[in-house]
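Student: Quick one: structure below, then a few questions.
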């Protein structure tokens with residue numbers, strides 16, 4: 001039997017077996033298991049991260065854009081979902097959801113909610129529909145417009161906050177504050193003109 005005839009016979013047998021299959025089983029295979037990524041850069045304190053299954057992102061607030069810790073973007077960013085900036089952005093950031101900042105943004109931010117994590121830096125204005133949370137050891141050089149603000153960091157700029165500003169004992173603000181309510185913890189540093197409006 002020639003090679004071509006044998007291959008044709010094998011193919012016929014395979015096709016016959018496929019046609020005789022009565023039951024098809026669906027097997028769920030996860031797209032991603034926990035995958036460990038390590039930064040190739042020396043002394044990168046953000047060198048290890050874990051990416052979980054995509055369903056956790058989809059079940060939260062929809063889309064998530066992540067700018068990695070070793071990434072520098074020299075452009076404006078506009079996206080419909082949420083963003084995490086661990087690297088550096090030299091341009092404005094505009095998102096419909098939340099903006100979680102771990103790295104540096106040299107430009108304005110427009111978002112529903114903004115959180116500056118430990119060590120984050122924003123050199124630009126923040127316009128926020130809901131809350132701005134500036135956590136310890138972060139820095140903002142620019143104005144803030146928001147519904148509420150929690151300041152546990154250093155801010156150089158004017159604040160226009162609709163409802164309430166909370167300044168912790170490690171917070172400091174240099175600028176003008178216009179708000180509906182303010183609470184200042186003992187130890188906070190204020191070099192500001194404060195206006196309370198009703």
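The values are calculated or read from the model by the stated rules, or taken from the named source; none is laboratory data. All figures in this text were calculated on a predicted structure; none of them were measured in a lab. When we count neighbours, we look across all protein chains shown, and the Cβ atoms used for this are built from the backbone with ideal geometry, even at glycine.
Okay, residues lined up against (1) in contact with a strand residue (DSSP E or B) (Cβ under 8 Å, 6 or more places away or on another chain); (2) more than 19 Å from residue 118 (Cβ to Cβ); (3) surrounded by 17 or more Cβ atoms within 10 Å (Cβ to Cβ):
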{"site": "155", "(1), (2), (3)": "yes, no, yes"}
{"site": "158", "(1), (2), (3)": "yes, yes, yes"}
{"site": "165", "(1), (2), (3)": "yes, yes, yes"}
{"site": "169", "(1), (2), (3)": "no, no, no"}
{"site": "183", "(1), (2), (3)": "yes, yes, no"}
{"site": "186", "(1), (2), (3)": "no, yes, no"}
{"site": "195", "(1), (2), (3)": "yes, yes, no"}
{"site": "198", "(1), (2), (3)": "yes, yes, no"}
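Student: Could you grab me the full set of residues in region 71-102 that are outside any strand (DSSP E or B) and within 10 Å of the chain's Cα centre (by Cα)?
Tutor: 81, 86, 97, 102
Student: Sticking with this one: List every residue pair whose Cβ atoms lie under 6 Å apart, where the two residues are 6 or more positions apart in sequence or sit on different chains, the first residue falls within region 173-198 and is at positive phi, and the second residue, located anywhere, is in a strand (DSSP E or B) and surrounded by 14 or more Cβ atoms within 10 Å (Cβ to Cβ).
Tutor: Pairs that qualify, where the first residue is at positive phi and the partner is in a strand (DSSP E or B) and surrounded by 14 or more Cβ atoms within 10 Å (Cβ to Cβ), are 175/192.
Student: Exactly one condition in (1) on the phi > 0 side of the Ramachandran plot; (2) surrounded by 18 or more Cβ atoms within 10 Å (Cβ to Cβ) is false for residue 148; which is it?
Tutor: Only one criterion in (1) on the phi > 0 side of the Ramachandran plot; (2) surrounded by 18 or more Cβ atoms within 10 Å (Cβ to Cβ) is unmet by residue 148, namely (1).
Student: Return yes when residue 107 is at pLDDT 95 or above, crowded, with 16+ Cβ neighbours inside 10 Å and assigned to a loop (DSSP other than H, G, I, E, B) and no when it is not.
Tutor: Yes: the conditions hold for residue 107.
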